[in-house]
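Participant: Below is a structure I'd like to ask you about.
The values are calculated or read from the model by the stated rules, or taken from the named source; none is laboratory data. It should be emphasised that the depicted structure is a prediction, and the values quoted were computed from it without experimental measurement. Cβ coordinates were reconstructed from backbone atoms using ideal geometry, including for glycine residues, and neighbour counts include every protein chain displayed.
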Amino acid sequence: EYAFLVPQSDASVEGVLVMDLTPADLVALDAYEDVDGGVYERLAVDVEVWGCGPNAMHVGGCSTYVGGPRLRALASHSVLTPS
């Protein structure tokens with residue numbers, strides 16, 4: 001089983017920010033995550049980065065992968081619907 005993100009307004013998740021990826025890097029990641037096959041989708045998000053001083057740094061236009069239609073179809077409704 002694999003955990004995956006589900007888009008939700010005003011939600012947050014902790015992760016790692018990888019910077020300076022090239023368009024070719026994103027194409028390779030899309031292939032690895034099987035975006036064309038519907039396993040994952042790449043979405044643009046804004047992130048808040050901590051650990052670079054006392055204040056958060058806000059970075060817009062970042063990409064994240066969320067569960068695509070094929071992956072979501074395998075998960076139960078209770079997992080995808082927040083309580």
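Participant: Among the residues of the range 45-76, how many are of a type in the set (Asp, Glu) and surrounded by 12 or more Cβ atoms within 10 Å (Cβ to Cβ)? Outline the logic, then answer.
Facilitator: Here is the first cut: in the range 45-76, the ones of a type in the set (Asp, Glu) are 46, 48.
With surrounded by 12 or more Cβ atoms within 10 Å (Cβ to Cβ) added as a condition, the list becomes none.
Residues that pass the stated criteria total 0.
Participant: Additional query: Condition first: under 15 Å from Val66 (Cβ atoms) and of a type in the set (Asp, Glu). Now tell me which residues in the range 15-34 satisfy that.
Facilitator: Correct list: Asp30, Glu33, Asp34.
Participant: Exactly one of these conditions fails for Ala44: (1) among the small types (Gly, Ala, Ser); (2) within 19 Å of Ala3 (Cα to Cα); (3) touching a Ser or Thr at 6+ places or on another chain (Cβ under 9 Å). Give me its number.
Facilitator: So Ala44 meets the others, but not (2).
Participant: For the range 23-30, does any single residue satisfy the condition of being under 16 Å from Gly61 (Cα atoms) and in contact (Cβ under 8 Å) with a residue 12 or more places away in the chain? Step through it out loud before you land on a result.
Facilitator: Of all residues in the range 23-30, those under 16 Å from Gly61 (Cα atoms) come to 23, 25-26.
In the following step, the residues that additionally are in contact (Cβ under 8 Å) with a residue 12 or more places away in the chain were identified as 26.
So far as the range 23-30 goes, yes, one or more of its residues are under 16 Å from Gly61 (Cα atoms) and in contact (Cβ under 8 Å) with a residue 12 or more places away in the chain.
Participant: Which residues, taken from the range 6-31, are modelled with pLDDT of 90 or more and either under 14 Å from the mean Cα position of the chain (by Cα) or part of a loop (DSSP other than H, G, I, E, B) (or both)?
Facilitator: Val18, Asp20, Leu21, Thr22, Leu26, Leu29, Asp30
Participant: Still on this structure: Would you pick out the residues in the range 46-71 that are under 19 Å from the mean Cα position of the chain (by Cα) and part of a loop (DSSP other than H, G, I, E, B)?
Facilitator: Trp50, Gly68
Participant: For the range 1-31, name all the residues that are among the charged types (D, E, K, R) and surrounded by fewer than 10 Cβ atoms within 10 Å (Cβ to Cβ).
Facilitator: Taking the range 1-31 as the starting set, the residues that turn out to be among the charged types (D, E, K, R) are 1, 10, 14, 20, 25, 30.
Within the range 1-31, Glu1, Asp10, Glu14, Asp20 meet the criteria.
Participant: In addition: So which residues in the range 32-44 are surrounded by 11 or more Cβ atoms within 10 Å (Cβ to Cβ) and assigned to a strand (DSSP E or B)?
Facilitator: Tyr40, Glu41, Arg42, Leu43
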